[in-house]
Amino acid sequence: MTEKKKETKKFEMKINLNEFFSKGLLFLLIAVLFLPYILTLLNGGSVETISLSQFVTDVREEKVAAVEVRRDELTLIYEDGGKKETRKEAGQTVSEILSEAGISVEQADIEIKDISFGTMLGELAISAIPVILMIVAFFFIFRSARGGAGDIMGIGKSKAKLFVKGKQNKKFSDVGGMDEAKKELEEIVDFLKNPKKYEKVGARTPKGVLLVGPAGTGKTLLARAVAGEANVQFLSIAGSEFMEMLVGVGASRVRDLFTTAKKLAPSIIFIDEIDAIGRMRGQGNMGGHDEREQTLNQILVEMDGFAQNEKVIVMAATNRGDMLDPALVRPGRFDRRVMVRLPDLDERKYILSIHAKGKPFAKVFDWEKVARRTVGFSGADLENMLNEAAIAVAREDRSEIEMEDIEEASLKVKLGPSKKRLQDVHEREMTAYHEAGHALVAHVSPHADPVHRISIVSRGRALGFTLTPPEKDKLQTTKSELIDRIAVLMGGRAAEELVFNEYTAGASSDIERATRIARAMVTEYGMSKLGPMNFSPLYESQDYGRAWGEPNRVSLTVQEQVDAETKRFLEEGYARALQILKNDRTILDAVSQKLIEQESLDADEFVKIVGKDKQKFEYSPLLKPSKNGKKSSEDTKTTAKKK
């Protein structure tokens, strides 16, 4: 332990000394190059210039002791120590000038020094200053781009950040929720703490742990908690840091990273966003010798090659686990795949309690209600929500965070800040009916999620919004729920047609989301008349890879059927929404007028208008194609039976 600390201090001192000498050398070089030029300027300002005839007169009167010749310039050094300058014609010597005046150099006893060559070298040095400075600047830029430590030969060194043993302050108690993931990782911690216990029974230490989950769920935090619990050295690096313009640099950095980890063993290597270098090989139009594939091949060899990595565990995180190369995720390399999912209700409560520390909340605060209203929020979203609420309280010079602050902060995290756009009366009315259409269809549809909030206040790119978060966490979605979800999305466009007999561009996002759901029902979920078959173009590429430019394996005939089924689901949803709004036109008008008056409605205010109990309707299948392939008028009729 003491030797490792000494090596770390020596390495840091070496970096500091290199940086000090590099900067000192640069300043010294600039000073040396500019010194002749500065001295010339200083000297040139104090020397008197005389004519050539005056020079001859002074020589005749024996006042001049020596003459320095710099090409066509003459510097006269007098007997009393003074200096004067004059100029001669090109190609003419001092001896010739004095001879023409009838003066002999020997009789005048003048020392003539020709220093033209030294002057020429000085001028060349001065003219070379810009070039030399550019070279020096490029050298330092190149070095800083490669890490700033060491010389150019250190380009292949690893850029991993070393977190020294004992300085990891994150524990499993700091990670909210994720009980299953933490249980898997607790075994890794025990492996690092007590390796002999497992060696006795012939068990080997897992070589790699892959953390897979959506962004913001705490994958990096889990890795830091493992290092903190195990109290071992922790080397962290991003997958993109292996990639460089020069081929072979990434592989060299991988070798250096594992060499360093072996010296520090027991240790953990954490590679964040490993999909940057671990994607499937054989995809795209690149050859097999590009930089990314060489780096991946080196990782494969280091993790499970001839040389064994004792007491070195590799942890990696990604939100694209389906894109990783099969050779990377096989047992023996990444032995365990830990799924990190979005937090459920109890986990959200725990995460909120962690991030609420140090923030002043009102005495009566319903955390159960906050946790239920934040379904689908990741840990990062929850932390950001509480931070935004605290910022809003500080901005308004208040002392406590209220429920209204949390509500506004959650909307800001998901939809963006509110914008008071200037809308005329007609635009506000159309927006109000559009959002009321969504809300009313959601309230009536039996399998739709309940309405939480309606607003015509603009946020982001939307002029208004209707929030329908699920009442509980769902692990799977049924066909009935998807059909009702399409109807709810079509409720805004249906309200525009019913009330104004006009369409707006505001429904573009709704149509896009509804189309995505309908196409997934046909191509991926097997919920259409085409049967339980996957028609997605990316089907086989998820497991075996699909070469660039490979044609679609679905025939044109089947693709037409897929498009027809997708369109049928959308038309059924639109007809369903339109019929609901026609049946409850009075309620639609009431909700819209209330929105125009106060801009926003919460769940309680909405229920007061539409009724407490959710109305449930059963609808017969809509738009059934007839035998000749055309829609009959009877098929387009909608029947509704109120339970």
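The values are calculated or read from the model by the stated rules, or taken from the named source; none is laboratory data. No experiment lies behind these values; they were computed from the predicted model shown. For neighbour counting, all protein chains shown are included, and Cβ atoms are generated from backbone atoms with ideal geometry for every residue, glycine included.
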Exercise. Would you be able to say whether some residue in the stretch 212-219 is charged (D, E, K, R), farther than 22 Å from residue 328 by Cα, modelled with pLDDT of 80 or more and assigned by TED's automatic domain parsing to the domain that holds residue 323?
Key: no
Self-check item: Residue within the stretch 473-482 that is aliphatic (A, V, I, L, M) and either assigned to a loop (DSSP other than H, G, I, E, B) or within 24 Å of residue 582 (Cβ to Cβ) (or both) present
Solution: yes
Quiz item: Is it the case that some residue within the stretch 433-446 is part of a loop (DSSP other than H, G, I, E, B) and within 23 Å of residue 594 (Cα to Cα)?
Solution: yes
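Here is a yes/no grid of residues against (1) outside any loop (DSSP other than H, G, I, E, B); (2) at pLDDT 55 or above:
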| residue | (1), (2) |
| --- | --- |
| 11 | yes, no |
| 25 | yes, yes |
| 39 | yes, yes |
| 42 | yes, no |
| 57 | yes, yes |
| 92 | no, yes |
| 95 | yes, yes |
Quiz item: For residue 525, which of the numbered conditions (1) closer than 27 Å to residue 344 by Cβ; (2) surrounded by 23 or more Cβ atoms within 10 Å (Cβ to Cβ); (3) among the aromatic types (Phe, Trp, Tyr) fails to hold?
Solution: (2)
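What do you reckon, is residue 372 at pLDDT below 85, over 30 Å from residue 281 (Cβ atoms) and among the basic types (Lys, Arg)? Before the answer, list the steps.
On the way: at pLDDT below 85: yes; over 30 Å from residue 281 (Cβ atoms): yes; among the basic types (Lys, Arg): yes.
Taking the combined requirement at face value, the residue satisfies it.
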Quiz item: In the stretch 435-450, is there at least one residue being assigned by TED's automatic domain parsing to the domain that holds residue 528, over 17 Å from residue 600 (Cα atoms), surrounded by fewer than 18 Cβ atoms within 10 Å (Cβ to Cβ) and over 27 Å from the mean Cα position of the chain (by Cα)?
Solution: yes
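Scan 77, 135, 103, 126 and give me the residue that is modelled with pLDDT of 75 or more and part of a helix (DSSP H, G or I).
Values: 77 fails: part of a helix (DSSP H, G or I); 103 fails: part of a helix (DSSP H, G or I); 126 fails: modelled with pLDDT of 75 or more.
Being modelled with pLDDT of 75 or more and part of a helix (DSSP H, G or I) holds for just one of 77, 135, 103, 126, which is 135.
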Quiz item: Among (1) under 29 Å from residue 241 (Cα atoms); (2) modelled with pLDDT under 80; (3) not in a loop (DSSP other than H, G, I, E, B), which single condition is residue 182 missing?
Solution: (2)
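Working only within the stretch 197-226, note down all residues that are surrounded by fewer than 14 Cβ atoms within 10 Å (Cβ to Cβ) and either free of Cβ contacts under 8 Å to residues at least 24 places away in the same chain or assigned to a helix (DSSP H, G or I) (or both).
Filtering the stretch 197-226 down to residues surrounded by fewer than 14 Cβ atoms within 10 Å (Cβ to Cβ) leaves 197, 199-204, 214-215.
Within the stretch 197-226, 197, 199, 200, 201, 202, 203, 204 meet the criteria.
Scan 408, 368, 429 and give me the residue that is in contact (Cβ under 8 Å) with a residue 60 or more places away in the chain and more than 27 Å from residue 212 (Cα to Cα). Show your work before the answer.
Working: 408 fails: in contact (Cβ under 8 Å) with a residue 60 or more places away in the chain; 368 fails: in contact (Cβ under 8 Å) with a residue 60 or more places away in the chain.
Being in contact (Cβ under 8 Å) with a residue 60 or more places away in the chain and more than 27 Å from residue 212 (Cα to Cα) holds for just one of 408, 368, 429, which is 429.
Looking at the stretch 321-374 only, could you name the residues that are in a helix (DSSP H, G or I), of a type in the set (A, V, I, L, M, F, W, C) and under 30 Å from residue 295 (Cβ atoms)? Steps first, answer last, please.
Within the stretch 321-374, the first condition is being in a helix (DSSP H, G or I), and the residues that meet it are 321-323, 326-329, 345-355, 367-373.
In the following step, the residues that additionally are of a type in the set (A, V, I, L, M, F, W, C) were identified as 323, 327-329, 345, 351-352, 354, 367, 370-371.
Once the filter is applied, which keeps residues that are in a helix (DSSP H, G or I), of a type in the set (A, V, I, L, M, F, W, C) and under 30 Å from residue 295 (Cβ atoms), the stretch 321-374 yields 323, 327, 328, 329.
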Self-check item: Cross-chain or 6+ apart pairs with Cβ under 7 Å, the stretch 382-405 first and not assigned by TED's automatic domain parsing to the domain that holds residue 368, then aliphatic (A, V, I, L, M)
Solution: none
Quiz prompt | Members of the stretch 505-531 found to be free of Cβ contacts under 8 Å to residues at least 60 places away in the same chain and aliphatic (A, V, I, L, M), listed by number | solution = 505, 511, 514, 517, 518, 520, 521, 522, 527, 530
